[in-house]
Amino acid sequence: MADLLQNEEVLRLLELSKNGLLYAIWETLYLTVISTFFSYVIGLPLGVITVVGEQGGVLPLPRPVMAVLNFVINILRSVPFLILMVVVIPLSRLILGTSIGTVATIVPLIVAAFPFVARLVEASLREVDSGVVEAAQSMGCSPFQIITKVMIPESRPSLISGFTTAFITILSYGAMAGAIGGGGLGSMALNLGYQRRMSIILWVSVVMLVILVQIFQSIGTRASVRLDKRIRSVDRKRKLKANRADKAGLS
Amino acid sequence: MIELKHISKVFPTADGDFEALSDINLTIGDGDIFGIVGMSGAGKSTLVRCINLLERPTQGEVLIDGENLMEFSPARLRQTRRSISMIFQQFNLLMQRTCLKNICFPMEIAGVPAAEAKKRALEYLDIVGLPDKANAYPAQLSGGQKQRIAIARALASNPKMLLCDEATSALDPTTTRSILKLIQDINKRLGITVVVITHEMAVVEEICTHVAILDHGHMVETGTVEEVFSNPKTEAGRKLVFPEGAHIDQFPVANVVRVVFNGGSSYEPLIASLAIDCGVKVNILGADTRNVNGKAFGSMLLGLPEDKNEAVKAMNYLRAQKDVTVEEVPDYHG
């Protein structure tokens, strides 16, 4: 493996592909996956707290705590991403030691996305029937058990569609990262396509982004529907079958 | 034994405080099936939630086997709640879990090993008569089946008490009867105390041993079902027990009496005998008989003749009957 990386041919190939389309796709995915992961690490607990911490919630927290939490989330949600990227440059330097390049864009992406994730999680958890939570309370569940065994599993389909939305939003935010020297399809479109007026590259990058979004959206939707046990599987199968038969001209 | 002492519950609202329950005193003995009835908004659901402190009373004591739940720590309260199961009008099953996993849920919470929980869950599925639904999801079941799974889940924590909050109100009459039968069966076989909240008197007649009537947050009557049904003492009680009584107001008659059958006697042709034995013709303004635990209970509103002598004769005749109470209805609006 080490030999391979030192091989001159391979190195040249890597160098060449660094400006290529495949590498741009890889950078985009890498940026999106890491940023989404950390946005959920921060946003998921916050989203849970905004629901359970309310007065009359499963684990009521002091009003000032909730007020501050909601205020911070709203503030971060209202700053445009382009401006946020510039504002958090010092933070990126502090955490990663650098404020330019692909990796450096991860910090502003997380800062921009975790409040969004928190709101998505909040919306999903609010869909959980309050009667089910009450039933769990009547059985002697602790607040933690209600969160982990009732609220999150019961809202799983909605959490998955929220996740899909977050992933795609972060993907498109990441495309703006070209503005501060980040990599990926977005920077390819901006730097090569727009500024150097190679319109074919601009279009190819945009089409690639569209294709990526389509792929992830359909995977997300499918997973959300498949894992939702409220939908009667027999009905769904019958409908899918009929649909396919229709398309094949069998009916 | 459940004892509620001086329970009050006040909800603060925009237009001032709303008193949902005021000074409720209630004792529910072990092994009873206790019905709490009332019109919508009478405070029944709030009252039943006061028993396991899903609603914390503003005032009063909730004693379970002599211990005051209001003084328990959160951890001890959760522990105690495991012995007080509850079923709901909307079933409240976990929709993303199979029936078997739903029944395992309370055992999972209590830390029962998974293998043993599964074994017990299968037994409970058997008790509620749905052994083949272990791997089905709640969305695939009918309302009655969902409630059976909910009952199995309620039994899984090995409770001493079962609280039923309008458990049959979302079901059709046939299913209602079968669910009530199941609850009665569980009460007899496992000796579990049952508290039934309902707005349907038919439910109380079907299974309850004791009943309390709730009206606008006040407990107006309580006693055995036979006592309360044979002769409801309050207006709220009469409205619930004899709901059709209200229609009688349309007929203008001078002397009106209410005849109440206390069981046993109701199959004798009382009015026919009255006409034949005394030669008095009475007007039946309204009647309602019902079968409670195999005994007949009912009330009848009779318009007595204008003639004073005949009226007295009829009254005396009726009063002489066994198992029949007669009372004049002075507030009758003719």
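Just one of B:Ile149, B:Ile109 is part of a helix (DSSP H, G or I), within 8 Å of another protein chain (Cβ to nearest Cβ) and either in contact with a Cys (Cβ under 9 Å, 6 or more places away or on another chain) or surrounded by 24 or more Cβ atoms within 10 Å (Cβ to Cβ) (or both); which is it?
Answer to the check: B:Ile109.
Mind checking which residues of region B:75-85 are touching a Pro at 6+ places or on another chain (Cβ under 9 Å) and either more than 8 Å from every other protein chain (Cβ to nearest Cβ) or aliphatic (A, V, I, L, M) (or both)?
B:Ser83, B:Ile84
Does any residue of region B:56-70 turn out to be acidic (Asp, Glu), in a strand (DSSP E or B) and more than 14 Å from every other protein chain (Cβ to nearest Cβ)?
yes
What are the residues in region A:127-162 that are touching a residue at least 40 places away in the same chain (Cβ under 8 Å), of a type in the set (S, T, N, Q) and facing chain B (nearest Cβ under 8 Å), if any?
A:Gln137
Residue by residue through region B:179-220, note down the ones that are surrounded by fewer than 17 Cβ atoms within 10 Å (Cβ to Cβ) and assigned to a helix (DSSP H, G or I).
B:Lys181, B:Gln184, B:Asp185, B:Lys188, B:Arg189, B:Leu190, B:Ala202
Please work out if B:Leu93 is modelled with pLDDT of 95 or more and facing another protein chain (nearest Cβ under 9 Å).
So B:Leu93 fits the description; yes.
Give me the residue from region B:112-140 that is within 11 Å of chain A (Cβ to nearest Cβ), crowded, with 17+ Cβ neighbours inside 10 Å and in a helix (DSSP H, G or I) and, out of that set, farthest from the chain's Cα centre (by Cα).
So the residue we want is B:Gln140.
Looking only at residues that are among the hydrophobic types (A, V, I, L, M, F, W, C) and modelled with pLDDT under 80 in region A:173-189, which one is surrounded by the fewest Cβ atoms within 10 Å (Cβ to Cβ)?
Here the residue is A:Ala179.
Of the conditions (1) surrounded by 21 or more Cβ atoms within 10 Å (Cβ to Cβ); (2) within 14 Å of chain B (Cβ to nearest Cβ); (3) within 18 Å of the chain's Cα centre (by Cα), A:Ala166 clears all except one; give me its number.
Condition (2) is where A:Ala166 drops out.
Among (1) surrounded by 18 or more Cβ atoms within 10 Å (Cβ to Cβ); (2) within 11 Å of chain A (Cβ to nearest Cβ), which single condition is B:Leu171 missing?
All conditions are met except number (2).
Can you list the helices (runs of 4 or more DSSP H) found entirely within region A:19-130 that contain at least 2 residues being among the small types (Gly, Ala, Ser)?
A:21-52, A:63-78, A:106-126
Considering (1) modelled with pLDDT under 90; (2) more than 14 Å from chain B (Cβ to nearest Cβ), say which one A:Leu212 fails and leave the rest.
(1)
Quick check on region A:226-238. Is at least one of its residues within 14 Å of another protein chain (Cβ to nearest Cβ), in a helix (DSSP H, G or I) and at pLDDT 85 or above?
Yes: one or more hits.
The values are calculated or read from the model by the stated rules, or taken from the named source; none is laboratory data. Predicted model, so just to flag it, every value in this text is computed and none were measured. Cβ coordinates were reconstructed from backbone atoms using ideal geometry, including for glycine residues, and neighbour counts include every protein chain displayed.
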